1. Divide by every residue of chain A the summed helix terms, -39500 (n - 2.57) for each DSSP H run of at least 4, and state the resulting mean residue ellipticity at 222 nm, rounded to the nearest 500 deg cm²/dmol.
2. Can you sort B:334, A:85, A:252, A:317 by how many other beta carbons sit within 10 Å, fewest first?
3. Using only atoms on other chains, find how many Cβ atoms lie within 10 Å of each Cβ of peptide B:296-308 and report the average.
4. For segment A:320-451, with only Lys/Arg (+1) and Asp/Glu (-1) charged at the beta-carbon, what is the dipole magnitude about the Cα centre, in debye rounded to 20?
5. Quick one: among B:137, B:223, B:57, which has the greatest mean-square fluctuation in a GNM of chain B with alpha-carbon springs under 10 angstrom?
6. Shielding by partners for B:141-148, please: the mean number of other protein chain Cβ atoms within 10 Å of each residue's Cβ.
7. May I ask you to derive the relative contact order of segment B:186-343, considering only C-alpha pairs under 8 Å and at least 6 residues apart, and to give it as an integer percent?
8. Report the net charge of residues surrounding residue A:229, where surrounding means a beta-carbon distance below 11 angstrom and charges are Lys +1, Arg +1, Asp -1, Glu -1.
Amino acid sequence: MDVLTLSRLQFAITSAFHFIFVPLTLGLSILIAYMEWQYVRTNDEMWLRMTKFWGKLFLINFALGIVTGITMEFQFGMNWAEYSKYVGDIFGAPLAVEATVAFFLESVFIGVWIFGWNKISKRMHAWSFTIVAFATNLSALWILLANGWMQNPVGARLTQIVNNPLISQRAEMADFLAVLTNPSGWLKFFHTTLSGYVVAAFFVMGISAWHILRNNELRFFKLSFKAAAVFGLSACLLVILTGDFHGVNIAKTQPTKLAALEAIWDTQKGAGISLITIPDEANRRNAVEILTIPKLASLLSYRDPNAVIKGLNDFPKDEIPPVSATFYSFRIMSVLGIVMFFIAAFATYVSRKENIEDYKGLLKVAVWSIPLPYLAGQLGWIVAEVGRQPWIVYGMLKTKDAVSRSVDVTQVFISLICFTLLYGSLGVVDIYLLSKYGKQGPTELFVKKEA
Amino acid sequence: MEYLQIVWFALWGLLWAVYFMLDGFVLGTGILYNFIGKDDNEKRVIINTVGPVWNGNEVWLITAGGATFAAFPTTYALMFSYLYTALLLLLFALIIRGVCFEFRGKSDNPRWKSVWDKAILVSSFLIALLFGVAFGNIFRGLPMDAGGYHGSLFTLLNPYGLVTGILFVCLFTMHGALYLSLKTTDDLRERARATAGTIWGILLTVAVMFLVYTYFATKLFDNYISSPVLFVLPLIAVAGLVGIKVFYAKGYLFRSFISSCVTILFVCFTGIAGLFPNLIPSNLDTNYSMTIYNSSSSFLTLSIMTVVALTFVPIVIAYKIWVYRVFREPVTVKEILTDTEAY
């Protein structure tokens, strides 16, 4: 394997791992802020205990989100030096703004929240977590504006650099406002953060259901379940909606990605979607296409049933992404989205009743559904990043031209192994701690504390 | 254009200096943690002294990195790829240090705790050492020319790099000992205070070695000879170093800690002023030095970043000061035993 392949593999593994922790942080921060404000408002100790219990799980997850994020910042320079040189004038800015504007807020106020229970007023304490929730989501906005720019490089000007031994050309910032208002970035922001809310909702619903099934702390977990179900249902709905708009945006900005995620090989007017499709990449066609709903793909991506969708065979061969990976990821993500919507809808309906504990089937489904939104999120990133290939910046810079030139195979091979081992161990520790504290429930947590 | 490049050179230096000043005492605390904390309660007290602030302090590093990326992308790209293996080690140390505090208290198993205790020591020490080695090599210049970079992890571990590494370790350990002597009570405080006294002598020796060695191993002093006014920077660093001891001897530990802050800041400023206009000089062919002129962002990007930095960094400083005020009291064993949320 060469430096390029290993670097891509390493980036894939480290960013996928990072994104195990980020979505829960995004959504759970909002749920916990809600719980703490309920406590401030009602003075009901139950809400305080909920804040502390879910807060404990939040923090275990949060620690790993932070440290795996540092890796991302390092890797752009370490493995993707040519990329960083080429786009740094534009891409560096949102990252630096993210650190200055959002990450500081988040990291400072999480410290206040953890250690400040007896140092500041109740109200100020709730504000601390509200700031954390706000900053976490703001942080996502800047990161996704940066990623959105890679998908749709607006506001850039290609510039030749003369008399400089270190660099000969790069993309320079021409219009910062365009980068800030990039629709690809904003759609990505809404779609991604909302999918994080779904992760958090299913996490809270699942753990609550586990305890309700065991008759632990019924009032505590019913309240948690109810809050999470409503939150999850709204988030599911909005994820689907933003996903739909995102599709329209992709049709406009990334035609190769659109063709790959629908597995459309030949240019078609009024393209349909086949419920069962098996792409055959070697022969550049679909091996199976049955149960076709006519005109649906055109309708969804162009809002016009007769719109023309350009097929993969009509693009240069070296400019189309891996079709199967993009297509299957998109399909499974979409199906999961719909499945989760129905689970959340049913959960919301049931959570309004007094006897949630009698709906054992739903509760069991809720427990087993915890991984679903995680999976959907990972698949979503595969669609976004694999579907953009062979470009690292769509239409501007290819991934193969972006990799560091001074790094050799041995270095990346060793780092890849080290990352895998370190991340593997951290992942095990994290799952161990989450399940330990999740299963233990709030009762034990507080009894132990008083002893 | 040129003035903005100079502004960003100064901000770049300032961000790194502030990062070292703030994370410095957390790293120093981590290095001393196992030696000063005699039992589990005392160790927990130590963690709780840095607990509320360490995360926010580390963000200065992320910001310094982000600012390098945004303002000097070519430097960011080349430095990170040239120093690949060293930065990988640093990154792993940062990752491990970043989870220690959170994970250590999550189980009462003594073996679990002992693993994280060791991890706190090793990661804190490595971070301090590796940053020192990295900056020592930046001061010294990297072997770069038309053929790219001609070094490896082992070329970085040259005597000058190592001396700078040891200097950083000593500076931060001193800083951490003073921080702990302000933030703890009773026996623990006494141990921290005594440690600070012992380290000062070692720090002084290493600092003198570093200063002399710098004269022979780097070109940092060229700038000082052409503009002697710059000598005020190392003089303040030395004054800080002396101040640590003077205030310490009189029992003014807070002032001693402030002197330690001044020392760290001005050691960084001394080095960085000597680099100007280089960010990373080449010690093979100066045409390939990374300077503020050949590796900066465009005028527009630098202007935008200036507005962002001048607006938000003061806000950050304001709320950080508030946080330090909220947590100004020393942490006691009694307090962590009664506070249900303490680490």
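No lab work stands behind these numbers, since they all come straight from the coordinates. Please read all numbers here as calculations on a predicted model, not as lab measurements. All Cβ positions, even for glycine, are placed from backbone atoms using ideal geometry, and neighbour counts span all protein chains on display.
1. Details: 14 runs with 315 residues, N = 451.
Rounded to the nearest 500, it is -24500 deg cm²/dmol.
2. Ranking B:334, A:85, A:252, A:317 by Cβ neighbours within 10 Å, fewest first, gives A:317, B:334, A:252, A:85.
3. 5
4. In debye, rounded to 20, segment A:320-451 gives about 140.
5. Between B:137, B:223, B:57, it is B:223 that shows the largest mean-square fluctuation.
6. Mean partner shielding for this stretch: 1.
7. Details: 90 pairs, mean separation 23.0, N = 158.
Relative CO of segment B:186-343 lands at 15 percent.
8. +3
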